[in-house]
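Participant: One structure, as structure tokens, below. Some questions next.
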Amino acid sequence: MKQFRVLLQTEYQKRRSSYWLPLWIIGGVALLILLLVLGALIFSPSNLYIGSLDGGSAEMRIIAYSLMFSMGLVFFVFMLLMAQSSLNRERQLLCDDFFRCQPVSILKTGAAKYLMHVFGGLPLLAACALVTAVLLSFVMLFSGYGFPFGAALGGALLGWLVYLKVCLVIGSLVYLFSAIFKSSAFIKGVAAMGILEGTFALIETVFRHRITLPGIFDTLFSMTGVIFAGDPDPEMLNAAAILGDIRILGGVLFAAICYFLGTYIYRQRANGES
């Protein structure tokens, strides 16, 4: 267990800036918005309109969810950058032999890379969820709407869960790409899926659509389950809608296949080069 903890710490140290840079970006945008609001309060307070929350806790939940969804997009970009080089970064830096000669099994090394590069941003995004809920609650308190911390935190955590589901499916797939392609794994992997999608469409055309082949991208994104709750009604945005989709089980199975297949390819490649 101690050895695995060291592997996790090593992966964090190698890419520390990639974990923290999303927070700096989000903090910079938040500071800019705050300065704009303060400027409006000082120079033109009569033109500043924050709006109303007639829907109460339901609208607060969807506002917090929307903010977390936006933050999750920033974290998602950096997750892709890390995951696409999970199993080939050391080879790109010509230090793969050094890391492979350490007294650590490749299975443990692959597990550490998978957890840190695909899910490493989750704790920091959870901290963003808590801060977002607190700030929104104080904004509502000073605006005379009470202190709806529970609704704000619930919406923020729903956004966090959506990011977790997307990482589970898309992040695991990109981890597999990193074992297959030596560089630019994400772009090459998406291009390969696009070619496969086009091939399926061509086959369906040749057979005059008497056969139906699965859509690669549609199938992939369907395994993340519900993301937008599929309804403009804020009451539909809840944990049951986000987690109650049976397709998530397919996403979990898909993630497991990507992890084991990617790690297997990594081990075979290491054995072949040793």
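The values are calculated or read from the model by the stated rules, or taken from the named source; none is laboratory data. Small disclaimer: the values here were computed from a predicted structure and weren't measured. A quick note on method: Cβ atoms are made from the backbone with ideal geometry, for glycine too, and the neighbour counts reach across all protein chains shown.
Participant: Somewhere in the stretch 209-220, is a residue within 17 Å of the chain's Cα centre (by Cα), crowded, with 19+ Cβ neighbours inside 10 Å and of a type in the set (A, V, I, L, M, F, W, C)?
Facilitator: no
Participant: Filter the stretch 140-156 for residues that are in a helix (DSSP H, G or I) and free of Cβ contacts under 8 Å to residues at least 40 places away in the same chain; which is surrounded by the most Cβ atoms within 10 Å (Cβ to Cβ)?
Facilitator: PHE149
Participant: Let me ask something additional. What helices (runs of 4 or more DSSP H) completely inside the stretch 191-274 contain at least 1 residues that are under 22 Å from SER85 (Cα atoms) and at pLDDT below 90?
Facilitator: Passing ranges, in order: 216-222, 247-273.
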